[in-house]
Amino acid sequence: MDEQLNYYQQKLNYEMDSADLFEVFENNEPIKVIDTRKEAAFLEEHIPNAISFPHRDMDEESVFGLDKSVLYVTYCDGIGCNASTKGALKLAQYGFKVKELIGGLDWWKRDGYATLGEKGKLGVEISCNC
């Protein structure tokens with residue numbers, strides 16, 4: 001039983017779902033959301049308040065100015081894409097607190113939340129955490 005409890009706790013330590021992220025936005029908690037896909041995909045559609053930081057561009061130099069005191073949440077397209085995992089791994093290797101958004105942009109949209117960009121879609125609005 002302890003092993004199973006530990007498994008689920010560990011899982012929640014490293015990932016969150018769309019409802020969790022929306023709640024963080026609603027509560028104005030300090031968080032940085034990173035779209036780890038190519039910039040063209042970000043410009044097409046992305047989660048509000050997210051920044052574009054493709055995992056392929058992450059290295060010791062490019063992460064230098066990031067704040068290590070906040071939680072970073074990485075996302076990509078969703079199932080079938082592992083850019084968020086690669087981005088989370090790189091950020092963790094450089095000492096950042098990071099979680100993955102399970103289901104990525106796909107599940108964010110399925111849950112009815114708004115997106116921004118050229119193909120952005122209306123949905124549940126979230127306030128800016130800027």
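Checking the a/c ratio against 1.5 first, then a/b against b/c, what shape does the Cα gyration tensor give for the range 57-117? The partial results should precede the final answer.
On the way: a/c = 2.30, a/b = 1.89, b/c = 1.22.
Because a/c hits 1.5 or more and a/b exceeds b/c, the range 57-117 counts as prolate.
Select from Thr36, Thr74, Thr85 the residue whose mean-square fluctuation is largest in a Gaussian network model of the chain (Cα-Cα springs shorter than 10 Å).
Taking springs between Cα atoms under 10 Å, the residue moving most is Thr85.
Packing-wise, with mean Cβ within 10 Å as the measure, how do 23-31, 5-13, 87-95 rank, highest first?
Numbers: 23-31: 13.3, 5-13: 9.9, 87-95: 18.6.
Descending packing order for the listed peptides: 87-95, 23-31, 5-13.
Per residue, what accessible area does the chain have, given a 1.4 Å probe and all protein chains present, in Å²? Don't skip to the answer; put the middle values down first.
Details: 7920 Å² over 130 residues.
Per residue, the chain has 61 Å² of solvent-accessible surface.
How large is the helix-only mean residue ellipticity at 222 nm for the chain, computed as the sum of -39500 (n - 2.57) over DSSP H runs with n ≥ 4, divided by its residue count, in deg cm²/dmol to the nearest 500? All intermediate terms of the calculation are to be shown ahead of the outcome.
Numbers: 5 runs with 46 residues, N = 130.
About -10000 deg cm²/dmol.
If you take the alpha carbon radius of gyration of the range 16-82 and divide it by 2.2 N^0.38 Å, what ratio comes out, to two decimals?
On the way: Rg = 12.3 Å, N = 67, 2.2 N^0.38 = 10.9 Å.
Against the compact-globule rule of thumb, the ratio is 1.13.
Using a 1.4 Å probe on the protein chains only, how many percent of the accessible area of the chain belongs to carbon and sulfur? Could the numbers behind the result be given before it?
On the way: 4070 of 7920 Å².
Carbon with sulfur: 51 percent of the solvent-accessible area.
Mind listing P(r) for the chain? All alpha-carbon pairs, 10 Å bins, whole percents.
13, 45, 33, 8, 1
The values are calculated or read from the model by the stated rules, or taken from the named source; none is laboratory data. On a predicted model such as this, the values are computed, not experimentally measured, just so you know. FYI the Cβ positions are ideal-geometry reconstructions off the backbone, even for glycines, and counts take in every protein chain you see. Surface accessibility is based on the protein's heavy atoms, side chains included, excluding ligands, DNA and RNA. Shrake-Rupley method; radii C 1.70, N 1.55, O 1.52, S 1.80 Å.
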